[in-house]
Amino acid sequence: MKTKEDFPSINERKPEGLSPEGTPFRVLIVDDSMFVAKQIAQILGSEGYDVVGQAADGLQGLERYKELYPNVDLVTMDITMPNMDGITALQKIIEFDKNAKVIMISALGKQDLVKQALLTGAKNYIVKPLDRKKVLERISQVLKK
Amino acid sequence: MRVEYINPFVESAFNVMKEVLQGDIKRGELYLKATSMPVMGVAAIVGLAGDVEGRVLFDMEKVTALRIASAMNGEELKSLDDLAKATITELANMITAQAVTKLHELGFRFDLTPPAIFTGDNMEISNQNVEALIVPMETGHGKVEINVAIRERA
Amino acid sequence: MSTQTAEKNSLEQLSNGKKDKADKIDFKMVSFSLAGKEYGIDIMNVKEIAKAGNFTYVPNAAPFVRGVYNLRGDIISIIDLRTMFHLPAERKSDDALESLLILKIGEQAFGVIVDNIDKVIGVSKEGIQPPHPIFGDINIKYIKGIIENQNKLYIILNVEKLFAPKEEEKPGRTDLVKEASVKMPKIGLGGPADDALERSMDVNADFIKETLFSFRNFAVSKVNINWFNRRYNEWKAQRKPTDLQLRELAEADAFLEPFYSPFTGALWSAEYMSALGGIMPAIATKSINVWNPGCGKGYESYSLAVLLKKMYPEARAKIWANDSDLLAISMAPNMVFGAEGISQDHLDFMIKNRNGFVFNQAIRDSIYFEFHDVINNNPIPPADLILCRDTLSFLSAGNQTKLLTDFNEKSRQGCILILGKNEVMPLDNWRRIEGPSLSLYVKAD
């Protein structure tokens, strides 16, 4: 969906996807839904984030994280996925890197799982349907911490 | 199907479609349907578990599915490829999940199983004569029939 | 010019000569309307059309015989096709003019009253399709076929069969009316040929049955035939012989009025509750499964829940209450009552909130209100009690049988069945227990 934010405004502001040093934040997207993954990639890409990897299930996500480490700043993690669910993948990523910044993507109706994820070490969560504002807000909050 | 389950599905279908399709959404008259159901061409299914057993089926014509997927992706999709299918699946998932959340608030315990999508001509879903509630939705991209069959675990 | 003709020919060939057939006119009919539907009668049977009124009333004739009329010296009987087919008809004053088709069948002339006479239509015989069961308003025997003409469907009546003189009877003028009433029983059930009066009553009863079904979906069957026969005799005693038929919804409702069980659409009174509690056999189980098909707005489901809670405070009752009327059932889970008119039995299980009185959580939790049609699959656990008042009678005969079979299959031994006060259980493995205004059965071992 195109919004006016896709176009540069007159008052230049620094894109949210850039770190204080001016390099883009590097994001790994773990989601079994192609549509959701594409949606997140589009939103993040438009703000200057660098999507460095995508994975379609928890197991792949864990492997990609290990490959990319330490050149990855953030993971978006779906909860319900085949092979390995998002909570387990989160747990294993935290075991591997206790400072990992993982943000959960959840459909409504999974409150219990979201709570469990937050207890396990997820930094925040976003409930679908995703909208641009919500996604960018939550992600920049996590990266500022 | 228990009366309390009806509104959450009707409302969340309406709300989610309005949000992601940003058009005029109209709901048709609700009715009950039994026996095996012919499917219009594309059917996304989300299973339900917990206090109940059942499933929610989103049924639409191929052209409607393509138009909806195009609108949701903000680009015109030419064929019902993996991305288009994933988009419709996600729509089904979001609607069902929102309904289930409302049901949680009312004190009913439902769980979702991951959605699946089927396409093809002259499809028929046979379900041992389970009665289903039909919620017809007119989306501006075409008609989507939401077919909800839920029964209590005895 | 010649090219055009050539094109036309080739088009006709392309359409497989269908067009040729449709163009051939070998059947002419006079079209007219009855209750908004279009009909036709073979023009060979129509002698003339006329407007007439002031028919001479003939006592003891069948209700569709409006009287006799002097048509230029010939006395003909006048038959109201709408009454005969039991269709609604505007009641005009006696001297108003009616549209008449004067029919000639064999040697005999009849005047037939219809709503409006339209025109003469020429069609092709090949276009006439055999009658489809969907045209159920009129007994199919009397339909020659259906034809489409300029986007309208016409039902072509077989007047020979409809008015055929019985065998070789010689119709003397004074016998005309009697003869009409003798012939009429051909519509509906056959009966002993010699008892004309008796049979025309059967026809009246049959018409009433059909009307009750089309107006209110009330189907006469073994479940309610006793009541129907009683009610029909009562009705006959109250009405003029020419005025037996149910012409509109209000009349169908008047006929059905005494059928309904007490406290339909209301909570049960203390008396009704104790009467029922008094004759109900004891339920031994600690978890009581109840099936309540056709619960409507849910009043009776609540009353039954209260009764069971009073009788068996220790038991856990689960009531599966369902109805196919979405509007009625959707209000059921959250019903709010004013205090007046509610018996203490109910009030004991209610709490007051800011809107009024509502049933307490224990009662509400014991009822599952479902939007459900009993003619579909009924996924019900084996029942200890079935409450089904005035529901069976409003299903088609076939669906009544299906639901009764379900009652049999989805119930435990000793299951209690409560039907409407004028309904009976036709299956003989259910034993009746007598009670005032109640129809109660127990499933025998």
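The values are calculated or read from the model by the stated rules, or taken from the named source; none is laboratory data. A quick note: this is a predicted structure, and the numbers were derived from the prediction, not measured. Glycine also receives a Cβ, built like all others from the backbone with ideal geometry; neighbour counts cover every protein chain displayed. For the accessible areas, the whole protein counts, side chains as well, though only heavy atoms, and no ligand, DNA or RNA atoms are used. Shrake-Rupley method; radii C 1.70, N 1.55, O 1.52, S 1.80 Å.
Take residues that are more than 21 Å from the chain's Cα centre (by Cα) and tell me which of the helices (runs of 4 or more DSSP H) falling wholly in region C:211-313 contain 3 or more.
Numbers: elements: C:225-238, C:249-256, C:270-279, C:299-311.
It comes to C:270-279, C:299-311.
Residue by residue, here is whether (1) at pLDDT below 85; (2) of a type outside the set (S, T, N, Q); (3) under 13 Å from C:V123 (Cα atoms); (4) out of contact with any strand residue (DSSP E or B) (no Cβ under 6 Å at 6 or more places or on another chain) holds:
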{"site": "C:K24", "(1), (2), (3), (4)": "yes, yes, yes, yes"}
{"site": "C:S33", "(1), (2), (3), (4)": "no, no, no, no"}
{"site": "C:E38", "(1), (2), (3), (4)": "no, yes, no, no"}
{"site": "C:K47", "(1), (2), (3), (4)": "yes, yes, no, no"}
{"site": "C:A50", "(1), (2), (3), (4)": "yes, yes, no, no"}
Matching entry among B:F110, B:F118 (being at pLDDT below 90, away from every other protein chain (no Cβ under 14 Å), more than 12 Å from the chain's Cα centre (by Cα) and surrounded by 15 or more Cβ atoms within 10 Å (Cβ to Cβ)) | B:F118
Of these, B:N147, B:N73, B:N93, which one is of a type in the set (S, T, N, Q) and more than 10 Å from chain A (Cβ to nearest Cβ)?
-> B:N147
How about region A:46-61: which of its residues are away from every other protein chain (no Cβ under 13 Å) and out of contact with any Leu (no Cβ under 9 Å at 6 or more places or on another chain)?
-> A:L59, A:Q60
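Could you go through region B:122-144 and let me know if any residue there is closer than 19 Å to A:L130 by Cβ and in contact with a helix residue (DSSP H, G or I) (Cβ under 6 Å, 6 or more places away or on another chain). First the steps, then the outcome.
So the first thing to find is which residues in region B:122-144 are closer than 19 Å to A:L130 by Cβ, and the list is none.
So far as region B:122-144 goes, no, none of its residues is closer than 19 Å to A:L130 by Cβ and in contact with a helix residue (DSSP H, G or I) (Cβ under 6 Å, 6 or more places away or on another chain).
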When B:V10 is evaluated against the numbered criteria (1) in contact with a strand residue (DSSP E or B) (Cβ under 8 Å, 6 or more places away or on another chain); (2) more than 14 Å from chain A (Cβ to nearest Cβ); (3) open to solvent by 30 Å² or more (accessible area, probe 1.4 Å); (4) hydrophobic (A, V, I, L, M, F, W, C), which criterion, by number, is the only one it fails?
-> (3)
Among (1) open to solvent by 10 Å² or more (accessible area, probe 1.4 Å); (2) assigned to a helix (DSSP H, G or I) - the single one B:I88 does not satisfy | (1)
Here the residues within region A:114-132 that are charged (D, E, K, R), free of Cβ contacts under 8 Å to residues at least 24 places away in the same chain and closer than 13 Å to A:I79 by Cα are A:K115
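Select from region C:420-439 the residues that are crowded, with 20+ Cβ neighbours inside 10 Å and more than 20 Å from the chain's Cα centre (by Cα) and write down the one among them that is farthest from C:A282 (Cα to Cα). Lay out the reasoning, then the answer.
Residues of region C:420-439 that are crowded, with 20+ Cβ neighbours inside 10 Å, as a first pass: C:420, C:422-423, C:425, C:430, C:438-439.
Next, only the ones that are more than 20 Å from the chain's Cα centre (by Cα) stay: C:425, C:430, C:438-439.
Details: C:M425: 20, C:W430: 16, C:L438: 17, C:S439: 17 Å.
Ranking the candidates gives C:M425 first.
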Only unsatisfied item for C:G341, checking (1) over 24 Å from the mean Cα position of the chain (by Cα); (2) closer than 25 Å to C:R431 by Cα, is (2)
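I'm trying to understand the selection: among the residues of region C:376-413, which are in a loop (DSSP other than H, G, I, E, B) and more than 14 Å from chain B (Cβ to nearest Cβ)? Reasoning before the result, please.
Going residue by residue through region C:376-413, those that are in a loop (DSSP other than H, G, I, E, B) are C:376-382, C:389-391, C:395-396, C:410.
If the condition is that a residue be in a loop (DSSP other than H, G, I, E, B) and more than 14 Å from chain B (Cβ to nearest Cβ), then C:R389, C:D390, C:T391, C:L395, C:S396 are the ones that fit.
Residues are listed down the side, and each one gets a yes or a no for (1) in contact with an Asp or Glu (Cβ under 8 Å, 6 or more places away or on another chain); (2) modelled with pLDDT of 85 or more:
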| site | (1), (2) |
| --- | --- |
| C:N139 | no, no |
| C:L153 | yes, yes |
| C:L157 | no, yes |
| C:L162 | no, no |
| C:P165 | yes, no |
| C:L176 | no, no |
| C:A180 | no, no |
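Could you check, for region C:378-396, whether at least one of its residues is free of Cβ contacts under 8 Å to residues at least 12 places away in the same chain, over 24 Å from the mean Cα position of the chain (by Cα), under 23 Å from C:L326 (Cα atoms) and open to solvent by 20 Å² or more (accessible area, probe 1.4 Å)? Before you say what the answer is, go through the steps one by one.
Initial filter on region C:378-396 (free of Cβ contacts under 8 Å to residues at least 12 places away in the same chain): C:379.
Then keep just the ones that are over 24 Å from the mean Cα position of the chain (by Cα); that gives C:379.
With the extra rule that they be under 23 Å from C:L326 (Cα atoms), the set shrinks to C:379.
Filter once more, so that each one left must be open to solvent by 20 Å² or more (accessible area, probe 1.4 Å): C:379.
Checked against the condition, which is being free of Cβ contacts under 8 Å to residues at least 12 places away in the same chain, over 24 Å from the mean Cα position of the chain (by Cα), under 23 Å from C:L326 (Cα atoms) and open to solvent by 20 Å² or more (accessible area, probe 1.4 Å), region C:378-396 yields at least one hit.
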Taking only region A:102-139 into account, find how many residues are within 14 Å of chain B (Cβ to nearest Cβ) and of a type in the set (D, E).
-> 2
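Out of all the residues in region B:137-152, is one or more of a type in the set (S, T, Y) and surrounded by fewer than 17 Cβ atoms within 10 Å (Cβ to Cβ)?
Keep residues of region B:137-152 that are of a type in the set (S, T, Y), which gives B:139.
Then drop every residue that is not surrounded by fewer than 17 Cβ atoms within 10 Å (Cβ to Cβ), which leaves none.
No, there is no match, as no residue in region B:137-152 is of a type in the set (S, T, Y) and surrounded by fewer than 17 Cβ atoms within 10 Å (Cβ to Cβ).
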Among (1) of a type in the set (A, V, I, L, M, F, W, C); (2) surrounded by fewer than 21 Cβ atoms within 10 Å (Cβ to Cβ); (3) within 10 Å of another protein chain (Cβ to nearest Cβ), which single condition is B:I134 missing?
-> (3)
Tally the residues that are free of Cβ contacts under 8 Å to residues at least 60 places away in the same chain and within 12 Å of chain A (Cβ to nearest Cβ), restricting the search to region B:42-69.
-> 1
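List the helices (runs of 4 or more DSSP H) inside region C:322-365, counting only whole elements, that have at least 3 residues being within 14 Å of chain B (Cβ to nearest Cβ) and either of a type in the set (S, T, N, Q) or open to solvent by less than 70 Å² (accessible area, probe 1.4 Å) (or both). Lay out the reasoning, then the answer.
Values: elements: C:326-330, C:344-347, C:361-365.
Correct list: C:326-330.
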Could you list, in sequence order, all residues of region A:97-113 that are without any contact (Cβ under 8 Å) to a residue 40 or more places away in the chain and either charged (D, E, K, R) or farther than 25 Å from A:Y69 by Cα (or both)?
-> A:D97, A:K98, A:A107, A:L108, A:G109, A:K110, A:Q111, A:D112, A:L113
Only residues in region A:67-94 that are away from chain B (no Cβ under 14 Å) count as the first member; pair them with residues that are assigned to a loop (DSSP other than H, G, I, E, B) and open to solvent by 30 Å² or more (accessible area, probe 1.4 Å), Cβ under 6 angstrom, at least 6 apart or cross-chain, and list the lot.
-> A:D73/A:F25; A:L74/A:K101
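State which residue is surrounded by the fewest Cβ atoms within 10 Å (Cβ to Cβ) when the search covers only region C:208-251 and only residues that are of a type in the set (S, T, Y) and at pLDDT 85 or above.
Residues of region C:208-251 of a type in the set (S, T, Y): C:211, C:214, C:221, C:232, C:242.
Those still in the list that are at pLDDT 85 or above too: C:221, C:232.
Working: C:S221: 20, C:Y232: 18.
Only one residue fits best here, namely C:Y232.
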Region B:76-85: number of residues that are at the interface with chain A (Cβ under 9 Å from one of its Cβ atoms) and in contact (Cβ under 8 Å) with a residue 12 or more places away in the chain = 3
